[in-house]
Amino acid sequence: MKKFMEEFKQFIARGNVIDMAVGVIIGGAFSAITTSLINDIVMPILGIFTGSISFAALSVNINGAEIAYGNFIQAVFNFLIMAFVVFCLIKAINRFHRKKEEAPKEEPAPPEPSNEEKLLAEIRDLLKERGNV
């Protein structure tokens, strides 16, 4: 049991687990914002065209069983909007990181000429002085 607890402590202490926990907390808060966007802005606009404010009220009775397919449509719609907002957010973050990486970098200095190149340059200069070239 002691070894199990030690392994658990190592697992919890890893940065990835902490990052994931922060992500879940922020995701929960982001979910509330997205739900408000859907319920308070998007669905009333759709209600103008569909004649109702929410798909959730859509259902059908079959032999006494109520099938609330509107709830499913609403959940899919909520997911699609949330996925679109997350996509736009990630796209903006990636654009920001790309701009940071594309910042002008200093060009490296040209490499020093090799000994052979230096010797050939001296020979060339001597030949020029003598007028042979």
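If you go through region 16-39 one residue at a time, do you hit one that is assigned to a helix (DSSP H, G or I), modelled with pLDDT under 80 and more than 27 Å from Cys88 (Cβ to Cβ)?
So far as region 16-39 goes, yes, one or more of its residues are assigned to a helix (DSSP H, G or I), modelled with pLDDT under 80 and more than 27 Å from Cys88 (Cβ to Cβ).
Find the residue count for region 87-101, including only residues that are of a type in the set (Lys, Arg) and at pLDDT below 80. Even if it seems obvious, please write down each step before you answer.
Kept after step one, since they are of a type in the set (Lys, Arg), are these residues of region 87-101: 91, 95, 98-100.
Then keep just the ones that are at pLDDT below 80; that gives 98-100.
Within region 87-101, residues that are of a type in the set (Lys, Arg) and at pLDDT below 80 number 3.
All but one of (1) at pLDDT 80 or above; (2) surrounded by fewer than 10 Cβ atoms within 10 Å (Cβ to Cβ); (3) assigned to a helix (DSSP H, G or I) hold for Phe84; which doesn't?
Of the numbered conditions (1) at pLDDT 80 or above; (2) surrounded by fewer than 10 Cβ atoms within 10 Å (Cβ to Cβ); (3) assigned to a helix (DSSP H, G or I), the odd one out for Phe84 is (2).
So which of Ile53, Ile62 ends up being among the aliphatic types (A, V, I, L, M) and at pLDDT below 75?
Values: Ile62 fails: at pLDDT below 75.
Only one candidate passes the filter, namely Ile53.
On the basis of being out of contact with any helix residue (DSSP H, G or I) (no Cβ under 6 Å at 6 or more places or on another chain), outside any helix (DSSP H, G or I) and modelled with pLDDT under 85, does Pro104 make the cut? Full working, then the answer.
Values: out of contact with any helix residue (DSSP H, G or I) (no Cβ under 6 Å at 6 or more places or on another chain): yes; outside any helix (DSSP H, G or I): yes; modelled with pLDDT under 85: yes.
Considered against the rule, which asks whether it is out of contact with any helix residue (DSSP H, G or I) (no Cβ under 6 Å at 6 or more places or on another chain), outside any helix (DSSP H, G or I) and modelled with pLDDT under 85, Pro104 comes out as yes.
The values are calculated or read from the model by the stated rules, or taken from the named source; none is laboratory data. Keep in mind it's a predicted model, so treat the numbers as computed, not measured. We place every Cβ from the backbone using ideal geometry, glycine too, and count neighbours over all the protein chains shown.
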